[in-house]
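The values are calculated or read from the model by the stated rules, or taken from the named source; none is laboratory data. Keep in mind that what you see is a predicted model, and the values were worked out from it rather than measured. Here the Cβ is made from the backbone with ideal geometry for all residues, glycine too, and neighbour counts use every protein chain on show. For the accessible areas, the whole protein counts, side chains as well, though only heavy atoms, and no ligand, DNA or RNA atoms are used. Shrake-Rupley method; radii C 1.70, N 1.55, O 1.52, S 1.80 Å.
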Amino acid sequence: APVEETAAPEAAAPAEQAAAPTEAPAAEEAAPAAETPKVMGIVMPNATHGFTGESIKHAEAAAKELAAQYGFEYKFLTAGEASEQNNHIDTLLNEQVDVVVLWPMNGDELRSAAQKVMDAGIPLVIYDRLITDFTPTVEFMGDNVKIGEMTGEYFNNYFADEIAAGETINILEFKGDLSTVPTQRTDGFLSTASEQFNIVQSFTTDWQRAKAMEQMETFLNTSTDEEISSIQAIFTHDDEVVLGVLDAIAAYNGAAELNIRLISGVGARRENIDTFAPVKEQYGIDQVTYAFSPALIRQAVELGAEILNGGSPSGLILGETVEVDNSNGEEFRNHPIYITRYSLED
Amino acid sequence: MGNLLKKINWEKVKQFNSKYSYLVSFIGLLIFATIINPRYFSYRNLSTLMLQASIKGIITLGMSILIIAGMIDLSVGSLVALVAGLSVVVLNTTGNVWLMLLFCIIFGAILGSMNGLLVTKGKIAPFIVTLATMSAFRSVIVQLGQGGPFNVAADILPSFRMIAAGDVLGIPNLALIFAVMTVIIAVLMAKTKFGRYVYAVGSNEQAARLAGINVDQIKTLAFTITGLLTGIAAFLLTSRLTSITAPNAGQSFELDAIAAVAIGGIAMTGGRGVIAGSFFGAIMLQMIEGILIAAKIPPFLNGLVKGVIIIFTVLLQRKKNND
Amino acid sequence: MGNLLKKINWEKVKQFNSKYSYLVSFIGLLIFATIINPRYFSYRNLSTLMLQASIKGIITLGMSILIIAGMIDLSVGSLVALVAGLSVVVLNTTGNVWLMLLFCIIFGAILGSMNGLLVTKGKIAPFIVTLATMSAFRSVIVQLGQGGPFNVAADILPSFRMIAAGDVLGIPNLALIFAVMTVIIAVLMAKTKFGRYVYAVGSNEQAARLAGINVDQIKTLAFTITGLLTGIAAFLLTSRLTSITAPNAGQSFELDAIAAVAIGGIAMTGGRGVIAGSFFGAIMLQMIEGILIAAKIPPFLNGLVKGVIIIFTVLLQRKKNND
Amino acid sequence: MLLEMKGITKFFGPVKALDNVDFTVADSEIHGLLGENGAGKSTLMNILAGAIHPTQGEIFIDGNRIEEMSITKSNELGIRFIHQELNLVNDLTVFENLFLGQELLTKGGFLDKKQMIARSAEVLKRIKLDIDPLTLVDDLEASRKQLVEIAKALLFESKLIIMDEPTTALTNKEIEILFDIMRSLKDHGLSIIFISHKMPELFEICDKYTVLRDGQFIDSGYFKDIDEQKATNLLVGRSIVDSQLVKEDVRGDVIFTAQSLTCKGYFENVSFDLRKGEVLAITGLHGDGRSELSEALFGARALTSGSITLHGKELKLHSIRQVMKAGIGMIPRNRKERSIIKDLSILNNLSIAYFISKHNKVFISRKEELERFRRNQKITDIKVDDPDNYITSLSGGNQQKVIVSRWLELDSDVYIMDNPTQGIDVGAKFEIYKLINELARRGKSLIIFSAEFPEIYKIADRCIVMYKGHINAQLNRDELNEVNVMYYATGSNSEGFNGKSVKKD
Ligand SMILES: Nc1ncnc2c1ncn2[C@@H]1O[C@H](COP(=O)(O)OP(=O)(O)OP(=O)(O)O)[C@@H](O)[C@H]1O
Ligand SMILES: Nc1ncnc2c1ncn2[C@@H]1O[C@H](COP(=O)(O)OP(=O)(O)OP(=O)(O)O)[C@@H](O)[C@H]1O
Ligand SMILES: [Mg+2]
Ligand SMILES: [Mg+2]
């Protein structure tokens, strides 16, 4: 994927680019009669799992901060599926907002609505989903395919010896759910991972730790010892899922010898990094995860604020994906991505 | 004689109150929304509201029939996804919108009647049958699309999306279609034998059977009509979205439809309520979304406020019913 | 006289069949699973099965009471999340597991009774009340956690997780707790006045009232007990996961519980069925998950196969019931 | 022959409900079908109407053999069936119920509401039923519902009307109207099968009889050739001595006082008291507010004003449970809707009220439940195979016996019984009367709401006659005769000066 600009979280802060307006602490009170404040419309998916939940938190926090800083208003809308997001866009168009920041449930389903926004002459910021054959004002993306690709490459390096020796490496896959994001992660993985990786079984976890745990438990209980012992690595789509898999491994008391050496996740959550060392020590399992931070959404909101302030960002901006494994786990805690992510806690 | 007149009047008043209770809620909600946001009460906003309510609204019509018949359908959301996903394939292959519409109607009706047959021939509770088919329908379309979206081909897209995006004399097409469907179903339920039998079956199945009504047939038909309506909704949804993501298209439409039926004043126990109620119910449910926005409810609290408003809306009607 | 004997025996056989129909399904499913994967039928696997079924199973017990009483509760999944999330806070602040358990039980019961009061005092259908509270409970806990997880503090974690992970003489704690809860609820429903009243209310509310049963009280109690059981489930879930993600903890537990009740042979129309049925129902539902894994069903098709198996399991019982 | 049923056999599982029964009805004939509770009368009629299928046997209508009788087919053949239990759709209006399944349509295929309402009004007028066809059936009380059922059978041209105990919920006046209609239908060439447990009725209206016993055909013939004694013997298979009923005098103190009870729209200013060991009958015609009064006495309907004292203490009437605990039991009318818990077994149905006021243990004991059942089975003669069967497997009369037993188990001081012998056969009725006398002798007080004069006469010490929501007269045992009761029930005494009604004011 062509990266036009790699934006570190704090680098794209619009404060620097924008012609800084008067430092009005609370815009609504500061300029009540002069002119109606500009409005930013933000449309996001519902909080249905940890990632969307944290994303909403960051998006709202960012919107609040920036609104106070620059004196605009914002409307924050979430929805459970695409047609409701379409409805939200209609509502925002009725309200004649000045910029729309949209995180579509699924890109193509919002095409028609996105087109309407553009047709109405309203600048549109799209976050994290590609809409086929459509160019919004500006796009900001985490890169799910890239995460998959990087995981594949990591697996190739980790098992370089076995691959060189022509061995087949059996692995398990724990998907998120059945939607596009997991599909992209898997596609990316398959595109780079060596052909010698053999996915023995795939599970769909609905991003739930409990489900992943049950699935792993059942796999361990109902497979032959040889089958179990043959598994060398586990590819997952999410850090929470990793914890579920580890729970099951920890609870395993069967006869088979476990030869799992590597588990991959996505998220680089604090809770997971905490387990890196103890898991390595107890079970000899290495972990790798990719910092796909829910705080990235801040940058989309910042792009919206930039537009409201007269800036004109454009094109496709890709969020940074950082690889975190046992080697840099502790270091990563000082990384801006990590710091921003947990900045909202008291 | 004066006594008799009095009696009739009293009955009429009571009947009116219980019959049009949904209007009480509707007006209450409208006032509430307008207080929160004075701009709410505008033609443009209200017509958008109806447009927004239309797709789920059409499903709500079907759901009302089922609930009046004492049943329920949890599979409509998945059915939307299944029909809509495949209809994209039909459209892309044939390039013919009418063929696609026909497909949606027929395939929807077939899936609906499948639910109906499982309920009547299999003698399984509707809740369970449709819980199972909810899972099955979704699974089939996700498998067919391998998790990915079904996209309307680029050449057909611009004209096709105008079905949902267009309007007639300033009235959005979707709103118009919703209104027409409501009238058709309202007539079906109030003015035909079928409608009468649906009420009878929902109120007292045994009595209906002893009156010579073919209860199984009515139930199957109710499911079939719901499937058909859901098929139409799938068609419209496809035009509105121009892309169907199998895993979550139509997600939780069933719950929204059921909630709409309930706040439209149709009894969950069957046998009572009118279609006009579900029409307003669907619109009210959409109004709640609008209220959440206007009142600037923090996103995480949307669910709480929505739940409270639903309860409140239903309560408002119950009061009137019981007096 | 010989005639009479014959008569009685036949009745007994029929009664046995209809009473223990869930066993027919259970054995059927077990054979099916074992054919697919001979290793299925092992002590280790069966005990894990029961462990896995336990948390939702305890909720299923509550759901059975409600369904026997002719009601339903869609809010249990959200209730689990709300109670579990806050219980983590209680545990982390007090460091006392017993206090946390007490909190889960009491808070669960309070939320349950809230549902019950809305149903009885508000005269709103259980489906609608709990649809609304499902949304509300979830919203509250997501708001409190601001979308993020509630993590058990690191110092308490190792001992705390052993509640769910531990075992007694090789029997997993969770399985044991589930079994004990089943016995308690089974006795409650079969051997006490309360249980008898629940059946009566679910079968004919008016007759129950005229026999002196305080129908509202029984309904509220049924909801309260379900809330309490769900609170216990939340406690166990917290111990099992040691981290509660507010937006999706307990997600769709309600549907699983209802499906388990149904395949356990309890009539969705109320008044009939036994608790042992839901025990096996919960285990069967878990078996289906196991079968999906053992049969290596492609993930996209899981839903289809699950739906088919549910229908099939219920059908298996109906046949026996009606003959 | 209009109808011939040949060799009808029906099994319900192992239970042989009908055993090779023959049954014939000629044109223009009112045919009484007699039998004890559980004899198979309803089953036979259900088979005739196509509601259930016989295990064996044939049905001929006008000499033509009918294959696979179904509800629709029997309708088309002109057979109407008024079921023993109410089968109306409560959420529909009267006219919608009347035409249910046979709606009139306009040319466009839509429901012809206007015509259906007009025709309904006609038929309601014919049976002298003063209700608006647009009334919701739910708002009608049981006897009105029963009349709507009857009206439903008269709506279309028919050849044969089956009436399965149509009079159990009706008052004398309504029964007379029904009989008038039956006679006129007969004049028009129709035949009617009439099922009842009330001998005088049968002798008054029927031409022929057929007796069933234990599912078997016993005898058939003309009523003019037999008398009540003979009929009873045929029915029961042994002779019953009716003269044993001895009423003793009441000497107890007043234990129960109703003071100025008013329930707006139904009854007004009702006061009476009740002595220990006294049997008080309350009777009247439709619109007397009697049924609402019975509910109010039990706390099942809120009073507008007034109070009730029991044992000198004022009753808390807002909770049925409290009323029961204070020592009052009540058998409600309309068994199917108000008493039968269809998913519970016979055993559990019998026990349910006992738990409310008598049971103090933590657990239910099956042994005790069985004992309770056996004891009552002896008293009320419940015919049952296995007490663990669902109560719906019992015949109507036997269900009623279970319900009576349910309340006897409470050992209450005061019993309110609303139409307690609904559908109970001659033999068992006699047992129940004996029982009531026995209860009174043991110092229990009873308030019996009934419209059956012979019943009242057999058991009552005193009788309150209500008229339009007021107590119109209190008759002592020596004043008790049918003429007197009718005189006050129709309000003949007050006619001319104050016939004011409290109904729906
Ligand atoms: N659904 C059923 N299942 C099992 N047994 C039944 C069923 N219906 C009726 N029976 C049995 O069939 C027999 C005849 O019952 P039926 O209702 O015909 O009696 P009946 O003559 O109408 O009595 P009653 O005067 O009490 O109404 C009874 O023994 C009854 O228990
Ligand atoms: N086979 C039938 N089925 C149902 N109703 C019938 C049938 N034959 C006649 N009727 C109805 O019976 C009613 C006659 O009842 P009734 O005898 O009270 O009236 P009538 O005017 O006295 O009769 P008549 O014409 O003999 O003097 C009519 O309304 C007619 O529709
Ligand atoms: Mg009978
Ligand atoms: Mg005449």
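Key figures for this structure:
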quantity	calculated
Leading residue by the ranking (farthest from the other protein chains (Cβ to nearest Cβ)) among those in segment D:59-72 that are within 16 Å of B:Arg209 (Cβ to Cβ) and in contact with a strand residue (DSSP E or B) (Cβ under 9 Å, 6 or more places away or on another chain)	D:Met69
Residue that is most open to solvent (accessible area, probe 1.4 Å) [pool: residues in segment D:323-341 that are out of contact with any strand residue (DSSP E or B) (no Cβ under 7 Å at 6 or more places or on another chain) and at pLDDT 90 or above]	D:Lys325
Complete set of residues in segment A:190-223 that are in contact (Cβ under 8 Å) with a residue 40 or more places away in the chain and in contact with a strand residue (DSSP E or B) (Cβ under 6 Å, 6 or more places away or on another chain)	A:Phe197, A:Gln215
Within segment D:1-44, considering residues that are within 14 Å of another protein chain (Cβ to nearest Cβ) and either closer than 21 Å to D:Glu201 by Cα or part of a strand (DSSP E or B) (or both), the one nearest to ligand 2 (Cβ to nearest atom)	D:Ser42
Qualifying residue in segment B:222-233 (condition: away from chain A (no Cβ under 14 Å), without any contact (Cβ under 8 Å) to a residue 12 or more places away in the chain, assigned to a helix (DSSP H, G or I) and not hydroxyl-bearing (Ser, Thr, Tyr))	no
Residue pairs meeting the criteria (Cβ under 9 Å; at least 6 apart or on separate chains; first surrounded by 14 or more Cβ atoms within 10 Å (Cβ to Cβ), in segment B:169-189; second of a type in the set (Asp, Glu))	B:Asn173/B:Asp167; B:Leu174/B:Asp167; B:Ala175/B:Asp167; B:Leu176/B:Asp167
Filter result (charged (D, E, K, R) and within 17 Å of the chain's Cα centre (by Cα)) within segment D:24-45	D:Glu36, D:Lys41
Residue match in segment B:86-98 (condition: free of Cβ contacts under 8 Å to residues at least 40 places away in the same chain and of a type in the set (Ser, Thr, Tyr))	yes
Candidate set from segment D:376-407 (those that are away from ligand 1 (no atom under 12 Å from the Cβ) and without any contact (Cβ under 8 Å) to a residue 40 or more places away in the chain); member that is farthest from the other protein chains (Cβ to nearest Cβ)	D:Lys378
Test: residue in segment B:133-154 that is within 8 Å of another protein chain (Cβ to nearest Cβ), under 23 Å from B:Val215 (Cα atoms) and open to solvent by less than 50 Å² (accessible area, probe 1.4 Å)	yes
Residue match in segment C:72-80 (condition: assigned to a loop (DSSP other than H, G, I, E, B) and either open to solvent by 10 Å² or more (accessible area, probe 1.4 Å) or aromatic (Phe, Trp, Tyr) (or both))	yes
Residue within segment A:263-271 that is on the phi > 0 side of the Ramachandran plot and crowded, with 19+ Cβ neighbours inside 10 Å present	yes
Filter result for the condition that a residue is in contact (Cβ under 8 Å) with a residue 40 or more places away in the chain, in the same structural domain as D:Leu261 (by TED's automatic domain parsing) and either within 16 Å of ligand 2 (Cβ to nearest atom) or of a type outside the set (Phe, Trp, Tyr) (or both), over D:Ala428, D:Ala460	D:Ala460
Test: residue in segment C:304-311 that is without any contact (Cβ under 8 Å) to a residue 40 or more places away in the chain and not hydrophobic (A, V, I, L, M, F, W, C)	yes
Residue match in segment A:177-184 (condition: surrounded by fewer than 22 Cβ atoms within 10 Å (Cβ to Cβ) and closer than 15 Å to A:Ile263 by Cβ)	no
Residues (facing another protein chain (nearest Cβ under 7 Å), of a type outside the set (A, V, I, L, M, F, W, C) and assigned to a loop (DSSP other than H, G, I, E, B)) located in segment D:337-361	D:Ser339, D:Lys342, D:Asp343, D:His359
Residue match in segment D:103-123 (condition: closer than 28 Å to D:Glu455 by Cβ and within 16 Å of ligand 2 (Cβ to nearest atom))	no
Pairs where the first residue, in segment D:139-164, is within 15 Å of ligand 2 (Cβ to nearest atom) and the second is among the small types (Gly, Ala, Ser) and not in a loop (DSSP other than H, G, I, E, B), C-beta under 6 Å, 6+ apart	D:Leu160/D:Ser191; D:Ile161/D:Ala153
All helices (runs of 4 or more DSSP H) inside segment C:88-193 with 3 or more residues being among the hydroxyl-bearing types (Ser, Thr, Tyr)	C:126-145
Residue check, D:Glu96 open to solvent by 20 Å² or more (accessible area, probe 1.4 Å), at pLDDT 95 or above and over 30 Å from D:Gly427 (Cβ atoms)	yes
Residue in segment D:75-83 that is within 16 Å of ligand 3 (Cβ to nearest atom) and of a type in the set (Phe, Trp, Tyr) present	yes
Selection within segment B:194-217 - assigned to a helix (DSSP H, G or I) and over 14 Å from D:Ile71 (Cβ atoms)	B:Phe194, B:Gly195, B:Arg196, B:Val198, B:Tyr199, B:Val201, B:Gly202, B:Ser203
Hits in segment D:180-201 - residues which are under 23 Å from D:Phe453 (Cα atoms), touching a Phe, Trp or Tyr at 6+ places or on another chain (Cβ under 9 Å) and either within 16 Å of ligand 2 (Cβ to nearest atom) or at pLDDT 95 or above (or both)	D:Met182
Identity of the residue in segment D:102-124, open to solvent by less than 40 Å² (accessible area, probe 1.4 Å) and part of a helix (DSSP H, G or I), that ends up nearest to the other protein chains (Cβ to nearest Cβ)	D:Met116
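The rows are residues; the columns are (1) open to solvent by less than 20 Å² (accessible area, probe 1.4 Å); (2) under 17 Å from the mean Cα position of the chain (by Cα); (3) aliphatic (A, V, I, L, M).
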site	(1), (2), (3)
B:Ala257	yes, yes, yes
B:Gly265	no, yes, no
B:Gly270	yes, yes, no
B:Ile291	yes, no, yes
B:Gly307	yes, no, no
